[in-house]
Structure formats: structure tokens, C-alpha cells
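The values are calculated or read from the model by the stated rules, or taken from the named source; none is laboratory data. Predicted model, so just to flag it, every value in this text is computed and none were measured. Here Cβ is always computed from backbone atoms with ideal geometry, including for glycine, and neighbour counts include all displayed protein chains.
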Amino acid sequence: MRLYIGFITYGVFTAKYLPYFLPCLKAQTYKDYKIIAIDNSEEQGSENYEYIRKNYSEIDIKWAGKNLGFAKAYNLIINQAIKHGAEYFLALNPDMIFDPKMIENMARAIETDKEIGAAQPKILKWDFEHKKKTNIIDSYGIVCDQKLRFIDYKQGEQGEIEKNTTTILSKEIFGFTGAAAMFKIKTLTDVAFNNGVYQEYFDELMFMYKEDCDLSLRLRLAGWKIVLVNSAMIYHDRTASRIGDSIWKIIKNRTEKKRKIKQWSFFGQWIIVLKYCQLAFSWKTKFWFWLYQLEILTFTVLFEQYLLKELIKLWKLRDKINKRKQQLKVRVDIKEIEKLMK
């Protein structure tokens, strides 16, 4: 099993995590892997780059020259891994720590079924300030409802720290979170978009946010399964989390989010809408789907008018979005996808 691990660093936002994240990788029971990293820091020779070169010289790290965003940086990493003969790829955020058998259990789980294309560990919250693991759920995978709204499953609820790390138990989920996911390379190449220069696995029209939702949906449409591995445990210091579904909690959540994050998320969601709205969904799904888009637009006009500029960007990118639509692989009955929507 030729496994490559990739991660992205960016300025002071990730440098503080490396002394915790990298020792966890080194302590893994599964040892047969190579690591590729891209430093998205604005300046050359960042703290991330220097720390890795000094303490982990075996890691292949390159400075991007600027912040390429999540999707493009990962596409470059994955394409490089493929050139070196990778069969599997594990994407990890550096703001995490994990149990010693995490990679071993992920690798064993993804090989149990030839139809599994991607796997995600159980992710609980890491209280970085107090250097403490918690039992608060960060993500048990991504769920998608009939509004084509993507949510981290059980986020904010109480979870359990898995004690049985010997038995490989997994269950099918709709999608994975980009914070931590393992892929079969043949799966990624199957659903990739060819931009004329190289393969895009994550959609590079999305600078950051929603690219994991998009890739999850593409994998699903192409007939690949995605699973949650119960015995693989990760602890994540997430910077932005949802706090509920009621209207007041949604408003509170949005007021606390940074403007840039809302712009990226709004933009990515509308790319998904435009890419998949032509699918043969049932009238019921289409009703809830378009009603939700109307609700988003109404809320935007009333409270977040600055987001309307993102619609102008979308119009300018319409040809690129259409090209991606044309390369979608839809091998399953849309009714099967609708059954997975909660």
C-alpha cells in the first residue's frame, strides 16, 4: 500500500500546531508512508517551513509563493504524490492530534470494500489552549439534506472516545470533511476535472470552504462509497463551528463568523448549486432546494449585502462552471442519492 500524506501550512495560524501534529505522525503504528506539504504562507522562509526543514527533513515541503488556497494546494500535492506512485492519499489539517493507530485503522478500513473511495476518522474537538482532548464531536462526517445544505454530522454534541482500536468498524456516511480524509488514488482520478494542464480533484474555483462537500457529492454520483471509521480517532482545534439549526442560532453563528469565511462559503455553495441543479432530482427535492436558495438570497439582501458581489464573480466564471458540469460522472440513480439526503 503506497500511502502519501499531505498537509498545508499557513503563517502563524498553523505554526503553533506543528510541535504537536508532527510528533503524532511520527508515533503512528503504520510507518509505510511519505509526507508532502505545501507552505501557503505569504512570505518565504516562514516559521512553518523553517521548523519542518530543521526538525523533519524527511518531509517534502515547498513554498507556494503565495496563498494558493485549500483546493489548489492539495491538487498540487496529490498530483505530485501520483507521480511518485501513490495508491492512497491521506489529507490532514495540521491543527490536529490523533491516536497512534489512526492511520493503521484508516488504511485497513478503506481496503475492506473495493467500492469504498474515501474514509474519514471520528473527529472530536481538541482544546488547544489547555492542551486537552475532549469528547465534544467536531465531525462524524458530512450530511446533505434536500436543500443541498451540507452539515458536519453531530457537531457540538457529546461523543465517546473510542476504546476499541483493534476491531475495524465503519459505517457509510454521505461525505467526508476536508480536515481529515483518506482516498484511493484511483477514486480521485476517476472523478477529477481536467483543466487542460493537470487534474483537479478539489474544485479550484473554490478557494476555501465547500470543496470537500463538492468532492463528496462527485464521488457519490460516480458510485463510490464514503465511510466513517469508528476506531480511528482525531482531535481537532477547529476555528469555525456551527452552533445549531434554529433561526436565532444561525443568525448568532453568522454574526460571529469572519466576513472572509462567509464570502468563501457563500461562493462555494453557489458553485455547488450551479453545478448540480440540472440533476434529475424529484419535484420535492427541487422544491426544497430552490426554496432554500431563495431564503439565502433574501437573507443576503437584508443583512449581508456585501455577499452580492460574489454573484458577479459567479457570472464571470459561468463558462468554467459549465465545463465542470460537463465532466461530471453520474453513474447512480439520483433516487439513490436522495435516499442519503437527511
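Of a type in the set (D, E, K, R) and more than 18 Å from ASP214 (Cα to Cα) - does that describe any residue in segment 299-307?
Yes, segment 299-307 contains at least one residue that is of a type in the set (D, E, K, R) and more than 18 Å from ASP214 (Cα to Cα).
I'm checking my understanding of the structure. Among residues of segment 187-219 that are outside any loop (DSSP other than H, G, I, E, B) and among the polar types (S, T, N, Q), which one is surrounded by the fewest Cβ atoms within 10 Å (Cβ to Cβ)?
ASN194
So, in segment 15-27, of the ones that are in a loop (DSSP other than H, G, I, E, B) and either on the phi > 0 side of the Ramachandran plot or more than 20 Å from the chain's Cα centre (by Cα) (or both), which residue ends up surrounded by the most Cβ atoms within 10 Å (Cβ to Cβ)?
That would be LYS16.
Any idea how many residues of segment 187-210 are more than 15 Å from the chain's Cα centre (by Cα) and either without any contact (Cβ under 8 Å) to a residue 12 or more places away in the chain or at positive phi (or both)?
4
Does LYS54 count as assigned to a helix (DSSP H, G or I), of a type in the set (D, E, K, R) and without any contact (Cβ under 8 Å) to a residue 60 or more places away in the chain?
So LYS54 fits the description; yes.
Say whether the condition of being crowded, with 16+ Cβ neighbours inside 10 Å, among the polar types (S, T, N, Q) and either touching a helix residue (DSSP H, G or I) at 6+ places or on another chain (Cβ under 9 Å) or free of Cβ contacts under 8 Å to residues at least 24 places away in the same chain (or both) is met by at least one residue in segment 74-88.
Checked segment 74-88: no residue is crowded, with 16+ Cβ neighbours inside 10 Å, among the polar types (S, T, N, Q) and either touching a helix residue (DSSP H, G or I) at 6+ places or on another chain (Cβ under 9 Å) or free of Cβ contacts under 8 Å to residues at least 24 places away in the same chain (or both).
Could you say whether any residue in segment 28-41 is out of contact with any strand residue (DSSP E or B) (no Cβ under 6 Å at 6 or more places or on another chain) and buried (at least 20 other Cβ atoms within 10 Å of the Cβ)?
Checked against the condition, which is being out of contact with any strand residue (DSSP E or B) (no Cβ under 6 Å at 6 or more places or on another chain) and buried (at least 20 other Cβ atoms within 10 Å of the Cβ), segment 28-41 yields at least one hit.
Quick one: in segment 110-132, of everything that is surrounded by fewer than 17 Cβ atoms within 10 Å (Cβ to Cβ), in contact with a Phe, Trp or Tyr (Cβ under 9 Å, 6 or more places away or on another chain) and of a type in the set (Lys, Arg), which residue is farthest from PHE174 (Cα to Cα)?
Among those residues, the one meeting the criterion is LYS131.
Find the residue count for segment 89-115, including only residues that are of a type outside the set (Val, Ile, Thr), touching a residue at least 60 places away in the same chain (Cβ under 8 Å) and out of contact with any strand residue (DSSP E or B) (no Cβ under 6 Å at 6 or more places or on another chain).
Summing the residues that are of a type outside the set (Val, Ile, Thr), touching a residue at least 60 places away in the same chain (Cβ under 8 Å) and out of contact with any strand residue (DSSP E or B) (no Cβ under 6 Å at 6 or more places or on another chain) in segment 89-115 gives 9.
Quick one: which of ALA240, ALA222, ALA232 is surrounded by 23 or more Cβ atoms within 10 Å (Cβ to Cβ) and either modelled with pLDDT of 95 or more or not charged (D, E, K, R) (or both)?
ALA232
Among the residues in segment 47-56, are any under 26 Å from VAL227 (Cβ atoms), buried (at least 18 other Cβ atoms within 10 Å of the Cβ), modelled with pLDDT of 95 or more and touching an Asp or Glu at 6+ places or on another chain (Cβ under 8 Å)?
For segment 47-56, residues under 26 Å from VAL227 (Cβ atoms), buried (at least 18 other Cβ atoms within 10 Å of the Cβ), modelled with pLDDT of 95 or more and touching an Asp or Glu at 6+ places or on another chain (Cβ under 8 Å): absent.
May I ask you to list the residues in segment 106-136 that are within 26 Å of LYS184 (Cα to Cα) and assigned to a strand (DSSP E or B)?
Correct list: ILE116, GLY117, ALA118, ALA119, GLN120, PRO121, LYS122, ILE123, LEU124.
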